[in-house]
Amino acid sequence: MKHLISPSVLSADFANLILDIDMINQSSADWFHVDIMDGVFVPNISIGFPIIEAIKRHAKKPLDVHLMIVNPDLYIQRFAEAGANILTVHYETCNHLHRTLQSIKNENMKAGVVLNPHSPIHLLEDIITECDVVLLMSVNPGFGGQKFIKNTYSKIETLKNLIIRKNASTLIEVDGGVDIHNARKLIDCGADVLVAGNAVFKAKNPTEMIQQLKNC
């Protein structure tokens, strides 16, 4: 499978969001990556349901919604109604992860688990076959524009081995500090989906940058 590109709208220009949505629609990107932060689990607050619903009205590609919030179970149905196609929750916030993933799937969304940089892959040993996606954070969550954590390469390889050993069909997604300089290595290590924020939206030509990341 050719790797997927999921531009992070957290880095978009929210005063001209429709222009950036149209840019992603017309580009070779595959998903819209939408970060939801509550100011509790991470030290930042991002967007809520009205913005997600607005993006969904115009997006021609799936919404890849990443919840950086406490108590995500309370909002699963609401995110489905807002238009999420893929919903990922942090391992660190879920006391009953299997139940959470099943709840997401029951709302006809793809279900994923996110691991922070300090969380080891072996935590997923007994849940990997339930995961449509595992999102590995390659920065500490909360803010865009951070420096890529190089230990992510080995985590991807370890996760890929787990997926193969368990005969799972899980996609590996990487988020944080992804750019044209490390994209090829991430793919070679086993990444299937690359989330890119500043690398895309601060580029002179965002559409061309998405294509370059797609061609890596």
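Computed from the coordinates by the stated procedures, all read-outs in this text should not be read as laboratory data. What you see is a predicted model; the values in this text were computed from it and never measured. Don't worry about glycine lacking a Cβ; one is built from the backbone with ideal geometry, like all the others, and counts go over all protein chains shown.
Among the numbered criteria (1) of a type outside the set (S, T, N, Q); (2) farther than 16 Å from E208 by Cα; (3) part of a helix (DSSP H, G or I), which one does L19 miss?
Answer for L19: the failing condition is (2).
Can you tell me which residue in segment 30-83 is nearest to L10 (Cα to Cα), limited to those that are surrounded by 18 or more Cβ atoms within 10 Å (Cβ to Cβ) and small (G, A, S)?
S46
Table: residues versus (1) surrounded by fewer than 19 Cβ atoms within 10 Å (Cβ to Cβ); (2) among the polar types (S, T, N, Q).
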position: K105; (1), (2): yes, no
position: M109; (1), (2): no, no
position: N116; (1), (2): yes, yes
position: S119; (1), (2): yes, yes
position: L124; (1), (2): no, no
position: V133; (1), (2): no, no
position: L136; (1), (2): no, no
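So, in segment 108-127, exactly how many residues are within 22 Å of L63 (Cα to Cα) and in contact with a Leu (Cβ under 8 Å, 6 or more places away or on another chain)? Reasoning before the result, please.
Just the residues of segment 108-127 that are within 22 Å of L63 (Cα to Cα), to begin with: 108-116.
The next check asks that each one be in contact with a Leu (Cβ under 8 Å, 6 or more places away or on another chain); those that pass are 109-115.
So the answer is 7.
Within segment 175-216, can you find the residues that are in a loop (DSSP other than H, G, I, E, B), surrounded by 18 or more Cβ atoms within 10 Å (Cβ to Cβ) and not charged (D, E, K, R)?
G176, G177, V178, N182, G190, A191, G197
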